[in-house]
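Heads up, the thing below is written out as structure tokens.
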Amino acid sequence: MTKQELLREVSLFLLDLDGTVYLGDRPIGAMRKTLSALRGMGKQLVFLTNNSSRTEAEYREKLTRIGLFSAGDGVYTSGMATAEYLQVHYPGRRVFLVATDAVRTEFEKSGVVLDAGAPEVAVLAYDTELTFPKIRLLDRFLRAGIPFLATHPDDVCPTEDGSMPDVGAFLAMFARASHRTPDAIIGKPYAPMGEGLVRKYGVPRERMCMVGDRMHTDIRFANNNKMRSILVLSGETTERSMAQFPDVPDLVLPDFNHIFG
């Protein structure tokens, strides 16, 4: 597929964050100009992340601060997708949520009933405030057999000074300790997050394009959800490493600014 064909066919671009539109607090190249040009063409932009340690408002603040967010843009996290999944598949159920305080508040505002006493569903988000009492409670509820959801499967989260353990690493611990794996994982590369995007934005999958730097999450997510995809080589994946994966993107670009280059 050519750049021109993709720009003609896509209405909504799903933009991964670190390694795709910015590195740390620095936009990649002329990203502000690129995103402005897409908006000028009538394209909708949604910043999409698996990181469920922050809220929608926190991501909006950062993206605005570094000049990448504009009125009409969207933010969608695996945490937001999980809260919506609970409303669709477990309406009214009491939920034990392992998450940061800010994300817990975001779930409550979305209508999810949180309960650490007698929950009916357990959810593991990316809790950068994780404590042993939280681990022990989740283990207890998992052993009791209640449904178990995870926001996303990433083993590590990239940071400017190296990676740190993410939800996938926590899931390995609970698989060993509680002998449970999630009944559903919501975020990239799985289908529930794609279903949530279709519900939220009302755009057909074939008119969405996932832009990201990871083959096993971003490009596989697009393929699993029958969306278009652009792999950018400005982050984790290199031309050499992409050959190790079965997934095939529609386009490969040095960075997303090359959509016009």
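In the Gaussian network model of the chain, springs joining C-alpha atoms below 10 Å, which of Pro91, Pro133, Pro182 carries the largest mean-square fluctuation?
Pro133
Using Cα pairs under 8 angstrom and six or more residues apart, how large is the relative contact order of segment 79-185, in percent? Let's see the in-between values first.
Values: 163 pairs, mean separation 25.2, N = 107.
Relative contact order for segment 79-185 comes out at 24 percent.
Sort Tyr85, Tyr90 so the one with the fewest other Cβ atoms within 10 Å of its own Cβ comes first.
Tyr90, Tyr85
Report the FRET efficiency, 1/(1 + (r/R0)^6), for Lys226 and Phe132, where r is their Cβ-Cβ distance and R0 is 35 Å, rounded to 0.05.
With R0 = 35 Å, the Cβ-Cβ based efficiency is 0.25.
What's the center-to-center distance, using Cα atoms, between segment 1-48 and segment 152-172 in Å?
First find each Cα centre; the distance between them is then 25 Å.
Would you order Glu120, Glu5 from fewest to most other beta-carbon atoms within 10 Å of each residue's own beta-carbon?
Glu5, Glu120
Where is the GNM fluctuation largest for the chain (alpha-carbon springs, 10 angstrom cutoff): Pro249, Pro189, Pro158?
Pro158
Only loop residues by DSSP count here, and only those with at most 13 other Cβ atoms within 10 Å; note down the GluC sites (Glu not before Pro) in segment 168-261 that meet that.
On the way: sites: Glu195, Glu206, Glu236, Glu239; in loops: Glu236, Glu239.
Listed in order of number, the matching sites are Glu239.
Defining a contact as two alpha carbons under 8 Å apart and six or more residues distant in sequence, what relative contact order in percent does the chain show?
Once divided by the residue count of the chain, the mean separation gives 21 percent.
Given the pairs Lys134/Lys200; Lys43/Lys200; Lys33/Lys62; Lys62/Lys200; Lys3/Lys33, which are separated by over 20 angstrom at their Cα positions?
Result: Lys134/Lys200; Lys62/Lys200 exceed 20 Å.
Can you sort Phe260, Phe141 so the residue with the fewest Cβ neighbours within 10 Å comes first?
Phe260, Phe141
I need the shape label for segment 109-206. Rule: rounded when a/c is under 1.5, else prolate if a/b > b/c, else oblate, with a, b, c from the alpha carbon gyration tensor.
Since a/c reaches 1.5 but b/c is at least a/b, the shape of segment 109-206 is classed as oblate.
Please identify the longest segment of the chain free of exposed trypsin sites (Lys or Arg not before Pro), where exposed means a DSSP state other than H, G, I, E or B and no more than 16 other Cβ atoms within 10 Å.
94-225
What full-extension length gain, to one decimal in nm, is calculated for Val156 and Thr64 as 0.36 nm per residue of separation minus the Cα-Cα distance?
That pair, Val156 and Thr64, stretches by 30.6 nm at full extension.
Could you name the aspartates and glutamates whose alpha carbon sits less than 13 Å from that of Lys226, not counting residues in the same chain fewer than 8 places away?
Those aspartates and glutamates meeting the cut-off are Glu195, Glu206, Asp218, Asp247, Asp250.
Specify the residue with the greatest mean-square fluctuation among Gly194, Gly74, Gly111, computed from a Gaussian network of the chain linking alpha-carbon atoms under 10 Å apart.
Looking only at Gly194, Gly74, Gly111, the largest GNM fluctuation is found for Gly111.
Computed from the coordinates by the stated procedures, all read-outs in this text should not be read as laboratory data. Only a predicted model underlies this, so the values are computations on that prediction, with no experimental measurement involved. FYI the Cβ positions are ideal-geometry reconstructions off the backbone, even for glycines, and counts take in every protein chain you see.
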